[in-house]
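In what follows, a single structure is set out as structure tokens and then discussed.
The values are calculated or read from the model by the stated rules, or taken from the named source; none is laboratory data. Treat the numbers as computed from the prediction; the structure is a model and nothing was measured. For neighbour counting, all protein chains shown are included, and Cβ atoms are generated from backbone atoms with ideal geometry for every residue, glycine included. Surface areas here come from the heavy atoms of the whole protein model, side chains and all, with no ligands, DNA or RNA. Shrake-Rupley method; radii C 1.70, N 1.55, O 1.52, S 1.80 Å.
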Amino acid sequence: MLGAIGLDARQESAYRALVALGAAEAADLAHRLALPEPDTERALRQLERRGLVARSSACAGRWVAAPPGVALGALLTRQRHELEQAELAAAVLAEEYRAEAAGGAESGVHDLVEVVTGASAVAHRLLQLQLGADEEVCALVTGGPSAVEAAGRGVSYRVVVEREALSLPDGVAGLSAALGRGEQVRAAERVPTRLVIADRALAMLPLTGRRAEPAALVVHASGLLESLSGLFEAVWREALPLRLGARGAPEEGRAPGPDAVDLEILSLLLAGLTDASAAKQLDLGLRTVQRRVKGLMELAGVTTRLQLGWHAYERGWVARELRE
């Protein structure tokens, strides 16, 4: 918890123990923490430099904890000041970057794209792109769902995943969690490429195949970026919205119709999963899924699953644009 102010696990454990004890010798503290005494003494000296502990003036060899409200408050104040200075520096650099970009527009196409190579560099740039978004992140995802970094801080997400992701272990659970965070998720038979677009200002897509060294292309505002945005919107329009993770107690007085579990099943079946796959992903029995599908067909008054899919769209059970 105190790692945010620069303390490692040993330093935090030593400080917490001293706060609880009031004062202790290094040997006693090492025994309490189950740490080697030299490591404990090193942690105490590091805490001393931060002003969190001090050597007892009344008893040689003993250490005392500084009052948390005073000592930690001072560290937090200093860190806030450092963060403010960093924010100011970032703003200045961003302004310099915009000015250079505006003044050097004629320098060539290479200013509109950048190539990132190496797994670590690609992952870091992708994280930067997401955390730098202010309004919306759009993503096409091949394979399993990717981690989302900007959700939960006011940034909306629209994500299209391949149908394959629904069949992966915990695939539906991960997508349900994403939907629970307020993301919009749709499924398509195939996604043409991995793609992430932030605020329609930056895009990132892979340059190499799976077996080659990872490399990605970062595209800045340009005609190419507009084309990539158009590609995402085209895939988004054709993809099927997912309804997952909406289970709850039945509502009293609810009009006859499919319940939340029915809609989860229907969503997965329309996305292309088999009864067995849908049952596995939703942790239901195969017969339960088949019984519910039969019930949906009876409710819709149809005799085939193709008719059921058409009826589901007509009734608004599933839709390209979900109805509230």
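Below is a table of values for the structure above.
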| item | result |
| --- | --- |
| Accessible area in square angstrom per residue, region 1-96, 1.4 angstrom probe | 62 |
| Accessible-area ranking of 136, 82, largest first, probe 1.4 Å | 82, 136 |
| Label-point gap, in nm, between residue 25 and residue 80 - each point 7 angstrom along Cα→Cβ | 4.1 |
| Accessible-area composition of region 1-74, carbon plus sulfur, in percent [1.4 Å probe] | 54 |
| Prolate/oblate/rounded call for region 1-59, Cα gyration tensor, a/c under 1.5 rounded | oblate |
| Full-extension gain in nm, residue 114 to residue 311, via 0.36 nm per residue minus C-alpha separation | 66.1 nm |
